[in-house]
Amino acid sequence: MTLKTNHLLQITGIYIFIAISGALTWTYWPSQNDLFRFGAADLVMTIVCFMFSVLKKNSSVYDAYWSVIPFYFLLLWVYLYDDKITLLHWIMITVVSIWSWRLSLNWGRSWADFSHEDWRYIKLAKDTGKFYPAVNFLGIHLFPTVLVFFGMWPLFYLFTNGISLTWMFYVGVGISLIGISLEYLADNKLFAFRNRPNQMQGEILDTGLWGIMRYPNYMGEMLFWIGVFFLGHSFGAPLFTGIGALMMCCLFVFISIPMKEKRMLERRTNYSDYQKRVPMLIPRFWRR
């Protein structure tokens, strides 16, 4: 058994334990409001994940949580509303499942083992010093959990309301599938680029989708969550539930991308030329 296989089995066991803690919380939580019960289970699972991150001395234990938990929500919904699920519900479940499993598998193939930790976490630990434990829980674990929970918020209405705008449902499906496709193509190209033979120092991936936008994977992720909002809104989810999709977009545009840009400028001498040639998110098809 390779080291990576051993560590993947360990982290699978960790996530099974996390799932059990969520199921127990959901079962015994005193409130009968599904939104609060899901929220409480999500919080407890995040705390358990944080405890394992501390135990393993590696905050990247949390990395798979982003894509795994929405699928866990789907399983609970199928269990709760099995007698109310229609074809439209199954379409939504399929779309979110494709996103969840694709992103999780991409994480699995790219993850080395417990010796690897996201460079952003290492930087935060260095920058915050003795305050890192609080930053670790609030910023690396709890904040993304809140984002994903709010992103999933519109979908709760699919099981409590009837369809009101069928055309908007299919618009949401289309936007989400475009986002998933963008991520799939971009991540495959990036994986192949990072594992190519005869690598040269300072090379930049600037072909395919990466040749028309600098962050096609982030663009795909934002489109997926925008599509999720449309899915929920078609079943009567209020406009304010779109806060999740808006927060996702703000995360990538104002936090993730600037951090990545700064790092790339420090590590790639020709990255500034790439910035000038290739737009950040919106392709300029009319310019070379």
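The values are calculated or read from the model by the stated rules, or taken from the named source; none is laboratory data. The structure presented is a predicted model; accordingly, all values stated were derived computationally and were not measured. Cβ sites come from the backbone with ideal geometry, for glycine too, and all protein chains shown count toward neighbours. Protein only, heavy atoms only, side chains kept; ligands, DNA and RNA dropped before computing areas. Shrake-Rupley method; radii C 1.70, N 1.55, O 1.52, S 1.80 Å.
General observations
- Condition check for residue 243: surrounded by 13 or more Cβ atoms within 10 Å (Cβ to Cβ) and under 24 Å from the mean Cα position of the chain (by Cα): yes
- Restricting 127, 113 to those that are surrounded by fewer than 19 Cβ atoms within 10 Å (Cβ to Cβ) and in contact with a His (Cβ under 6 Å, 6 or more places away or on another chain) reduces the list to 113.
The rows are residues; the columns are (1) open to solvent by 50 Å² or more (accessible area, probe 1.4 Å); (2) free of Cβ contacts under 8 Å to residues at least 60 places away in the same chain; (3) among the β-branched types (Val, Ile, Thr); (4) in contact with a Phe, Trp or Tyr (Cβ under 6 Å, 6 or more places away or on another chain).
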position	(1), (2), (3), (4)
187	no, no, no, no
199	yes, yes, no, no
212	yes, no, yes, no
271	no, no, no, no
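- Exactly one residue out of 93, 140, 85, 98 is more than 18 Å from residue 256 (Cβ to Cβ), within 20 Å of the chain's Cα centre (by Cα) and open to solvent by less than 40 Å² (accessible area, probe 1.4 Å), and it is 93.
- Among the residues of the range 24-36, the one identified as open to solvent by less than 40 Å² (accessible area, probe 1.4 Å) and modelled with pLDDT of 95 or more is 25.
- Residue-level analysis places residue 176 outside the set of residues that are more than 18 Å from residue 218 (Cα to Cα), in contact (Cβ under 8 Å) with a residue 60 or more places away in the chain and either of a type outside the set (Lys, Arg) or buried (at least 18 other Cβ atoms within 10 Å of the Cβ) (or both).
- Boolean, residue 263 is surrounded by fewer than 12 Cβ atoms within 10 Å (Cβ to Cβ) and at negative phi: no
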